[in-house]
Amino acid sequence: MKDVKSTFASLIGLLIIFCFIIFYNNSEQVDDIKEINDWETIFNGEDFDGWDIKIRGKELGDNFKNTFKVKDGSLKVSYEQYENFNDRFGHIFFTKSKFKNYHLSLEYKFSGEHLSGAPGWSIKNSGIMLHSQHPSTMLLDQDFPVSSEVQLLGGLGTGQRSTANMCSPGIDVDINSEKAKYHCINSNSKTYHNDDWVKVEVIVKSNNIVHHIVENDTVISYSNLRVGGDKIPANYLNRVGEPLFEGYISLQSEGHPVEFKNIKIKNLD
């Protein structure tokens, strides 16, 4: 009788352990689902719902010569209808909401030939603009919005050319607690010579800290974002020193065909 009771107790113990394992695994799966659902896709791969276009010299909403288009689920910068660049720097803004504390993720890829007349520095060059001003506040001939730029570069076949660098149109930032000395500061990323998809992420905590991440490696960090620098538009001159706590997100057209996909954001508030 004693052996039967011991066997029964052992079976009950094993059953409790088995139930606990099932419960634990299911809890992990629920947490994974919650994590996945925290991401919001902000480009639907079909149209520009939620996005607004501003190209230098053109009114807000004028997609001059179809610079921006959707193809095969990607947001593409195209110059097929251009003959000459003529300083038509462009940006496409996600304007459904401002963002303050967030984690942004996307993939980019360069393709095709650099457009005739575009600046030499814009070969395989584009960008993600963070904490950007609203496009409706940009001047007609303004090149770039006041923002912090994640400069996206492709390699030129030889030499080093890092990506996810920091550029600062109309702002100042601090790196290692000191004001950045130059408009653009190189990251420590590797060079991507081939025109393959590259994954870039950005973690932004208001104007306190920004991290640029390439293929899971943090390549540059900076802080204390505020209006400043030497590219301030006339309607921002009275705001020098003002902190940039939040803003909009935009993607750049600078003279070289590029495309973006899997554009998603996680609100960290």
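Taken together, the values in this text are just the output of simple stated rules run on the coordinates, not laboratory data. Remember, predicted model here, so these are calculated numbers, not experimental data. Every residue, glycine as well, gets a Cβ built from its backbone with ideal geometry; the counts of neighbours run over all protein chains shown.
Percent of Cα-Cα pairs more than 19 Å apart in region 46-116, please.
Distances greater than 19 Å cover 41 percent of the Cα pairs.
Need the full-extension length gain, K261 to N63, defined as separation in residues times 0.36 nm minus the C-alpha distance. One decimal, nm.
69.3 nm
Taking θ = phi - 60°, what integer Hz values does the Karplus form 6.51 cos²θ - 1.76 cosθ + 1.60 yield along region 217-225, in sequence order, with x for Gly and Pro?
Listing the rounded values in order: 10, 6, 10, 6, 9, 7, 8, 6, 6 Hz.
Quick one: plug the Kirkwood hydrodynamic radius of the chain (C-alpha pairs) into Stokes-Einstein at 4 °C, 1.567 mPa s, and report D in µm²/s. Before the final figure, lay out each step's value.
Numbers: Rh = 20.3 Å.
Answer, rounded: 64 µm²/s.
Using a cut-off of under 15 Å, list every residue of region 144-185 whose amide N is near the label point 7 Å from the Cα of V240 along the Cα-to-beta-carbon line.
It comes to 170-173, nothing else.
Give the Debye-formula value of log10 I(q)/I(0) at each listed q (0.18 Å⁻¹), with one equal scatterer per alpha carbon of region 96-234, two decimals each.
Once normalised to I(0) and log-transformed, intensities are -1.10.
Compute the projected area of the convex hull of the Cα atoms of region 113-195, averaged over all viewing directions, and report it in nm² to one decimal place.
With the hull built on Cα positions only, its mean projection is 6.9 nm².
Taking the Cα atoms only, what angle lies between the long axis of helix 2-37 and the longest principal axis of the chain, rounded to 10 degrees?
The answer is roughly 10 degrees.
Could you work out [θ]222 nm for the chain from helices alone, using -39500 (n - 2.57) per DSSP H run of at least four and dividing by all its residues? Round to the nearest 500 deg cm²/dmol. Provide the component values of the computation, followed by the final result.
Values: 1 runs with 36 residues, N = 269.
Taken over the chain, the calculation gives -5000 deg cm²/dmol.
Pairwise over distinct Cα atoms, reciprocal of the mean inverse distance: report the Kirkwood radius of region 200-249 in Å, one decimal place.
Values: mean 1/r = 0.0818 Å⁻¹.
Result for region 200-249 stands at 12.2 Å.
Tell me which of I92, P257, T218 sits at the most positive position along the dipole axis of the chain, charges placed on C-beta atoms (Lys, Arg +1; Asp, Glu -1).
T218
Using amide H atoms built in the peptide plane, which far-off residues or other-chain residues are under 5 Å from G127 H to H?
Residues meeting the criterion, in which the H sits 1.01 Å from N, are L152, Q252.
About the Cα centre, and with charges only on the beta carbon of Lys, Arg (+1) and Asp, Glu (-1), how big is the dipole of the chain? Nearest 20 debye, please.
About 340 debye.
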